Amino acid sequence: MGARTCLAIVLAAGEGTRMRSAQPKVLHAIAGRSMLAHVLAALRDAGQTETAVVVGPGHAAVAAEAKAVLPGAEMFVQAERRGTAHAVLAAKSAIARGADDILVIFGDTPLIRPQTLAKLRAELAQGAAVAVLGFRPADPTGYGRLVMDGDNLIAIREQADASEAERAIATCNGGLMALAGAQALAILQKIGSDNRKHEFYLTDAVAIARTMGLRTRAVEVTEDEVSGINTKAQLAAAESQMQQRLRQAALDAGVTLVAPETVFLASDTKLGKDVVIEPYVMFGPGVTVEEGATIRSFSHIHGAHVGPGAIVGPFARLRPGARLEEGVHIGNFVEVKEALIEAGAKANHLSYIGDARVGAGANIGAGTITCNYDGAAKHRTDIGKGAFIGSNSALVAPVTIGDGAYVGSGSVITRDVPAEALAIGRGRQTVKEGWAGRLRGAKSAGKTTRQGSK
Ligand code: UD1
Ligand code: MG
């Protein structure tokens with residue numbers, strides 16, 4: 001469709017009371033991002049040029065999320081919930097600017113694919129004034145029914161207003177609609193509220209367009225793409241659907257998932273070729289894993305960059321700002337946050353590395369902790385290349401360990417250590433020869449005395 005301009009109107013004014021949540025419905029997350037963000041991303045990928053988001057009164061958080069995903073999105077408030085056509089007309093001033101295509105999409109249909117939006121718009125390019133998505137749900141209860149005459153869509157009848165015969169129609173309205181920009185306002189403004197619910201139904205656009213002598217079409221899709229999320233159970237079902245798509249895409253891109261059904265990805269997870277993900281790994285948003293890296297079982301990774309050939313886990317936690325360069329090893333029960341781990345450095349066991357740099361080839365012994373927080377502020381630890389930090393050391397930030405320096409096991413390091421130096425900061429060991437025997441002797445003497453006194 002190339003040069004055709006498009007205005008997408010996202011309806012996100014729903015409260016979502018059936019979610020039983022303090023959060024607006026469209027902000028609930030699937031694969032690490034909100035349903036609204038999924039819809040907006042699909043729009044962006046479909047090549048829409050402008051987006052309007054219709055939010056409910058007091059839904060500042062919804063508007064903020066929309067702005068975060070698409071900074072150019074325009075916000076409109078539907079002050080009163082009076083139906084889908086009424087909601088669309090909240091964005092009337094945007095519609096009046098006269099885009100070629102107007103796309104109406106619900107904020108709670110996160111599984112919609114960009115190519116489906118493109119198919120809907122293609123109908124407009126071929127001369128339709130209104131195009132909708134049709135699907136055949138297992139249970140059509142509650143959906144609008146598509147009244148067809150051959151290939152032509154005659155009307156959409158809402159369940160509440162449908163006759164017995166109309167209710168028997170298997171093909172339902174998926175909810176998304178594309179309207180030709182040139183006619184959109186004229187059609188929308190003719191919609192009334194003369195129906196059972198006394199709502200302004202967007203779906204009436206079809207019958208109205210036909211009375212105006214315009215062409216109306218339906219494009220059929222599968223149920224999973226248009227299922228609207230109203231409950232936590234539906235949210236979980238959509239999550240599982242989305243995970244299947246993401247896993248399939250990873251496998252297709254050459255990633256090895258040993259047990260795909262146990263790996264949870266975020267929509268933006270980037271996995272390079274020949275990455276191996278062992279069973280039971282969870283990815284939060286913002287993760288890139290480069291070629292040939294291995295993520296071992298039971299690791300939790302969020303906002304992190306894993307360099308080529310690195311090995312992470314089992315049981316590792318990478319938090320936002322963890323940046324692992326090539327060949328780094330992060331082993332079991334190691335947590336890394338806001339830290340650059342340079343090439344070839346290793347922290348194989350039981351450590352916390354936060355607000356730090358670990359120089360190339362450095363070795364962080366088991367149990368090493370960067371003490372980055374003093375109760376008020378965070379401070380940095382800088383560890384030079386090739387440094388060796390003995391096991392169970394506490395590095396009290398801000399502190400610098402020079403290149404090639406050694407820290408003795410069990411040290412509490414509070415002052416900078418120069419390059420190539422050895423720092424030991426721990427209680428000095430004393431040895432008392434024969435002490436244990438004397439203790440035992442004293443104990444057995446005490447026992448005899450006590451027993452004797454019984
Ligand atoms: C709608 C369709 C129905 C279709 C179904 C698909 C209409 C009249 N009916 O019914 O044909 O089969 O979706 O799921 O369009 N909204 C507002 N403001 C309003 C009303 C709704 O923003 O005043 C938003 C809701 O937040 C939601 C969307 O529009 O995101 C759809 O509204 P909803 O009440 O869920 O419509 P359905 O009855 O499901
Ligand atoms: Mg609905």
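Structure data summary
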read-out	value
Long-range neighbours under 6 Å by Cβ, at least six apart or interchain, first residue within 14 Å of Ile277 (Cβ to Cβ) within region 307-328, second basic (Lys, Arg)	Gly313/Arg296; Pro314/Arg296
Test: residue in region 244-254 that is closer than 18 Å to Ala304 by Cα and either modelled with pLDDT under 95 or part of a loop (DSSP other than H, G, I, E, B) (or both)	no
Options His59, His28: the member that is within 17 Å of the chain's Cα centre (by Cα) and either open to solvent by 60 Å² or more (accessible area, probe 1.4 Å) or not basic (Lys, Arg) (or both)	His28
Residues that are of a type in the set (S, T, N, Q) and away from ligand 2 (no atom under 16 Å from the Cβ), drawn from region 84-120	Ser93, Gln115, Thr116
Evaluation of Lys385 against (1) within 21 Å of Ala322 (Cα to Cα); (2) surrounded by fewer than 18 Cβ atoms within 10 Å (Cβ to Cβ); (3) basic (Lys, Arg) (one fails), failing number	(2)
Test: Ser227 is open to solvent by less than 60 Å² (accessible area, probe 1.4 Å) and at pLDDT 95 or above	no
Near pairs, Cβ below 6 angstrom, 6+ apart or cross-chain, from region 96-110 (under 15 Å from Gly47 (Cβ atoms) and near ligand 1 (Cβ under 7 Å from one of its atoms)) to any residue that is assigned to a strand (DSSP E or B) and open to solvent by less than 50 Å² (accessible area, probe 1.4 Å)	none
Test: residue in region 114-127 that is within 14 Å of ligand 1 (Cβ to nearest atom), open to solvent by 10 Å² or more (accessible area, probe 1.4 Å) and polar (S, T, N, Q)	no
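A quick yes/no check of all residues on (1) among the acidic types (Asp, Glu); (2) over 25 Å from Gln126 (Cα atoms):
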site	(1), (2)
Val53	no, yes
Ala63	no, yes
Ala66	no, yes
His86	no, yes
Asp100	yes, no
Ile105	no, no
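The values are calculated or read from the model by the stated rules, or taken from the named source; none is laboratory data. It should be emphasised that the depicted structure is a prediction, and the values quoted were computed from it without experimental measurement. Neighbour counts are summed over all protein chains in view; Cβ atoms, including those assigned to glycine, are modelled from backbone coordinates with ideal geometry. When the accessible area is computed, the model is the full protein with side chains, heavy atoms only, and any ligands, DNA or RNA have been set aside. Shrake-Rupley method; radii C 1.70, N 1.55, O 1.52, S 1.80 Å.
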